[in-house]
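These notes are about the structure you will find just below.
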């Protein structure tokens, strides 16, 4: 099948470009009408994708294979993903002795889950049930974390910190309800006053995200300690490898669950697709309003987006669209497509 795919790619190149180049294809996998083509490097991946229409034309030309969807991956990216997951496993071995017996038991089981994921790309449930709190904001990352936690078989309580409408808007509340209905996990709102952070950020004294996220995180950790929950889960997907699991105290471990599995933004969106979440620009309403009044902070927001690119979490093209959407929303720029 690999030779057939390669010949079709060359044929399409000749048709549209009048010439051709040969991408190095390591593997071709057809599973449940999804065709996965794995090039060796990102340059091979780009050549296979072509100028946008090549993949669509390729799918049309492969009707006999009953292909519904085509994915193009880079083998080097897959190797990096495996390396980072192995680093997370190593972090478990080095950090587990810092925790109490319940957390150590959980980490040993979670280590087996990660090892199985490396072999099969399947997430299996834990053998025993453990209580865990998931920080649920209603965004795609935290929604994905909740789904993964449920898939692992954890006894999950999803906690949403509620600072008011200027951060937790109606459509974000609606997203939270969709996650709860889909997963069936227990859920509660925790009230928190972030008015001072909001007002100071609007005046341009600082970018709001750092102080806001720290206050929300502390509120959730406070809940965990009060209710003797030893596992807390966040959706941040940049902290891959050894940083995906963190020591907070001997009685509390933090997991960045999408980062533990080294999920990309596209993989995360695929997991939450059944939820049909409300879409929104990058950041919350407070963040966007702050950028409108204080454009000097836009650099730090864009830096955060490009960090996801450097971490291999987000594709450069997706990051570019996110940045363009920011300019559209904040500064009403009309960027026309040719």
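Tabulated results
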quantity: Sequence-separation-based contact order of the chain, relative, with Cα cut under 8 Å and 6+ spacing, percent; calculated: 15
quantity: Once the Cα gyration tensor of the stretch 35-99 is diagonalised, semi-axes √(5λ) in Å; calculated: 37, 13, 7
quantity: Rounded to 10°, Cα long-axis angle of helix 316-331 versus longest principal axis of the chain; calculated: 60
quantity: The chain, Rg to Rh (Cα coordinates; Rh as Kirkwood inverse mean 1/r); calculated: 1.00
quantity: Cα point-scatterer Debye curve for the stretch 17-57, base-10 log of I(q)/I(0) at q = 0.20 Å⁻¹; calculated: -0.67
quantity: Zero-based 10 Å bins, Cα pair distances in the stretch 2-77, whole percents; calculated: 20, 58, 21, 0
quantity: For the stretch 2-77: relative contact order, % (alpha-carbon pairs under 8 angstrom, 6 or more apart); calculated: 33
quantity: Equivalent ellipsoid semi-axes, the stretch 58-147, via Cα gyration tensor eigenvalues times 5, rooted, Å; calculated: 34, 18, 13
quantity: The chain - share of DSSP beta bridges that are antiparallel (%, nearest 5); calculated: 30
quantity: Rounded Å value of the spacing that divides the Cα centres of the stretch 149-175 and the stretch 225-242; calculated: 15
quantity: Whole-angstrom gap from the stretch 1-43 to the stretch 180-206, using each part's C-alpha centre; calculated: 47
quantity: Kirkwood Rh (inverse of mean 1/r, distinct Cα pairs), the stretch 99-275, angstrom; calculated: 16.8
quantity: Residue-averaged [θ]222 nm for the chain, counting only DSSP H segments that reach four residues, each worth -39500 (n - 2.57); calculated: -16500 deg cm²/dmol
quantity: Square roots of 5 times each gyration tensor eigenvalue, C-alpha, the stretch 210-274, largest first, Å; calculated: 23, 14, 12
quantity: Degrees separating the helix 208-226 axis from the principal Cα axis of the chain, which is the longest one; calculated: 60
quantity: Cα-based helix-to-principal-axis angle, 2-17 vs the chain, degrees rounded to 10; calculated: 80
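No value in this document is a laboratory result; all are computed from the given coordinates. Quantities reported herein were computed from a predicted structural model and do not represent experimental measurements.
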